[in-house]
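To start, the structure under review is shown below, and the notes come after it.
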Amino acid sequence: MSARKPSAVGTARGRLAPRLPVAALDAAATPAPEPVDPSTVEEIFRRFREASPAPVSDLKYTNPFTLLVAVVLSAQATDKGVNLATAGLFAAADSPAKMIDLGEDRVRHFIRTIGLFNTKAKNVVALSRILLEEHGGEVPSDLEALRVLPGVGIKTASVVLNVAFGVPRIAVDTHIFRVSNRIPLAVAGTTDKMQAKLEALVPEPYLLQAHHWLILHGRYVCKARKPDCPVCTIRDLCRFPDKTA
Ligand code: SF4
């Protein structure tokens, strides 16, 4: 998202609750340091907020339904690729009823440039049907109702709750998992465990936006292969033993 503030919604890069061994992310791996203390956590998020007061989504959407579909489509795809595909898709169908009318074949055609498009087309139509039949055509603002939709796991559900309904959930994708283990804000071996830890430790004033800030940080600064430690605004607070010079 070029001129716009980079965002964070496009978090669904993997399947539900993937197990991501910490050592696999930081192969150079020295023993993990102790997580930072609460006042340092506070300072880290204060700096994130100062750098990006109002982060927005890279994914384009017009309502909770199109947000849900965009996040489902973003699994193992780039936000840019998803936006290219959804421009046409959402012009043709921006509600569950219209998506069902459009049908699986035409949905597949719109999203054919995205990875796993066959399965995703099936899921998008199937979830639209459930939304129409069981939720009056609305996206529910309830984690359990969301996570049982086809193609939706706890991570996608958490993103939708956070972005569309202002629920302070921290959906953990590969960026958040890596960044949080490096600093470390917390040490966890799975994304689910990291989500639970982060939601418990991030101070309330930062909880709603924490998901966005951590993704921004992982996507643009604390990158997987070579973190940009020299320009990192929290370098002095981070305990990662293999910082770049
Ligand atoms: S100092 Fe380096 S490893 Fe630590 S958070 Fe910043 S970019 Fe990541």
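Read-outs throughout are calculated quantities, based only on the coordinates presented, and are distinct from any laboratory measurement. Computed from a predicted model, the values in this text were never measured in an experiment. Positions of Cβ are backbone-derived with ideal geometry, glycine not excepted, and every protein chain shown enters the neighbour counts.
Put in line by how crowded their Cβ is, counting other Cβ atoms within 10 Å and starting with the fewest, Arg106, Arg225 read Arg225, Arg106. Computed about its Cα centre, the charge dipole of segment 64-165 is approximately 440 debye, with only Lys, Arg, Asp and Glu carrying charge at their Cβ. In terms of distances greater than 25 angstrom between alpha carbons, the cross-link table entries Lys155/Lys243; Lys80/Lys120; Lys122/Lys197; Lys155/Lys197 yield Lys155/Lys243; Lys122/Lys197.
Modelled spin-label separation between Thr78 and Ser39, with each label point placed 7 Å from Cα along the Cα-to-Cβ direction: 4.3 nm. Each Lys or Arg adds one and each Asp or Glu subtracts one; over the other residues with Cβ under 14 Å from the Cβ of Thr86, this totals +4. Sorting Glu133, Glu199 from the fewest to the most surrounding beta carbons within 10 angstrom yields Glu133, Glu199. The helix-based estimate of mean residue ellipticity at 222 nm for the chain, built from -39,500 (n - 2.57) per DSSP H run of four or more residues and divided by its residue count, is -16500 deg cm²/dmol to the nearest 500. By the count of neighbouring beta-carbon atoms within 10 Å, fewest first, Leu161, Leu132 end up ordered Leu132, Leu161.
Each Cα pair under 8 Å and six or more residues apart adds its sequence gap; the mean of these over the residue count of segment 64-165 is a relative contact order of 30 percent.
Against the main long axis of the alpha-carbon atoms of the chain, helix 64-73 sits at an angle near 70°. A protection proxy built from the mean count of other Cβ atoms within 10 Å ranks the segments 141-151, 181-191, most packed first, as 181-191, 141-151.
Based on the alpha-carbon gyration tensor of segment 64-165 and its eigenvalue square roots a ≥ b ≥ c, which shape applies: rounded if a/c is under 1.5, prolate if not and a/b is larger than b/c, or oblate? Taking the square roots of the gyration eigenvalues as a ≥ b ≥ c, segment 64-165 is oblate.
Descending by average beta-carbon neighbour count within 10 Å, the peptides 112-121, 162-171 line up as 162-171, 112-121, the highest first.
Toward the positive end of the charge dipole of segment 85-159, with +1 on the Cβ of Lys and Arg and -1 on the Cβ of Asp and Glu, the farthest Cα among Pro140, Asn118, Gly103 is that of Asn118. Relative to the dominant Cα principal axis of the chain, helix 117-135 is inclined by about 70°. Evaluated with a Cβ-only charge set (Lys, Arg +1; Asp, Glu -1), the chain carries a dipole of roughly 840 debye about its Cα centre, given to the nearest 20.
For the chain, what is the relative contact order in percent, using Cα pairs closer than 8 Å and at least 6 residues apart in sequence? Over the chain, the number comes to 27 percent. Within the shell defined by Cβ-Cβ distances under 11 Å, the residues around His217 carry a net charge of +4, with Lys and Arg each +1 and Asp and Glu each -1. Under the convention that each Lys and Arg Cβ holds +1 and each Asp and Glu Cβ holds -1, the size of the dipole of segment 68-121 around its Cα centre is about 120 debye.
Over all other residues within a Cβ to Cβ distance under 13 Å of Pro168, the charged ones net out to -1, with Lys and Arg as +1 and Asp and Glu as -1.
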